[in-house]
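A short worksheet on the structure shown next.
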Amino acid sequence: MNNFTYEKLHNNLQYLKLNTIEELLDNCLEIAARDSKTTMEVLDYLFEQEKKHKEAAAIERRMKSAGFPVKKMLEDFDFEFQSSIDKKVIEDLATLRFVHNAENIVLLGPPGVGKSHLAIALGIEAVKAGISVHFTNTGNLIERLK
């Protein structure tokens, strides 16, 4: 590949904001030549890496925008300690069917039973599924509604 074509390719990748492809291109071309990879294999790999990077960046943006005070995951919730919470109900909520059906959920209970943990964990599941989320607690919601 001549120098003009090489520079033009990199400029086009920058312009199109295909930063991961641009970053990986040189090394990928060297490996492709050494290992006799086809053009389609190289392109598939490069675009797959770009896609993964953009998906990860989008999740990171939605996580930041959601305003979660801490990171809590469903797999970290102790259902044995909180036996009053039905694990199957929470697992069903984690499918996010309620979001797609435009339904609301409300988590009620006394302090310390895990409402915030579950709300954050379900919110994180939604973020990973490409859904924008905004976390708030009851006190903050009431204050905002005044």
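Only the coordinates and a few stated rules stand behind these numbers; no lab work does. Not measured: the values here are computed from a predicted model. Please note: Cβ atoms are built from the backbone with ideal geometry, for glycine as well, and neighbour counts cover all protein chains shown.
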> Dividing the alpha-carbon Rg of segment 74-145 by 2.2 N^0.38 Å yields what?
Replying inline: 1.13
> With the contact rule set at Cα under 8 Å and sequence spacing of 6 or more, what percent relative contact order holds for segment 74-145?
Replying inline: 30 percent
> With Cβ to Cβ distances under 12 Å as the rule, what net charge do the other residues near Leu9 carry (K, R +1; D, E -1)?
Replying inline: -2
> What lysines could a cross-link reach from Lys71, if we take a straight Cα to Cα line under 20 Å and drop same-chain neighbours fewer than 8 places away?
Replying inline: Lys87, Lys115, Lys128
> So what does the Cα-only Debye profile of the chain read at q = 0.10, 0.11, 0.18, 0.20 Å⁻¹, as log10 I(q)/I(0), no solvent term?
Replying inline: -0.56, -0.63, -1.04, -1.21
> If you place +1 on the Cβ of every Lys and Arg, -1 on the Cβ of every Asp and Glu, and leave all else neutral, what size is the dipole of the chain about its Cα centre, to the nearest 20 Debye?
Replying inline: 660 debye
> Within segment 38-86, which GluC sites (Glu not before Pro) sit in a loop by DSSP and count at most 11 neighbouring Cβ atoms inside 10 Å?
Replying inline: Glu80
> If Lys and Arg each add +1 and Asp and Glu each add -1, what is the summed charge of the other residues whose beta carbon sits under 11 Å from the beta carbon of Ile31?
Replying inline: -2
> Counting only pairs 8 or more places apart or on different chains, how many lysine pairs in segment 3-66 have C-alpha atoms closer than 18 Å?
Replying inline: 5
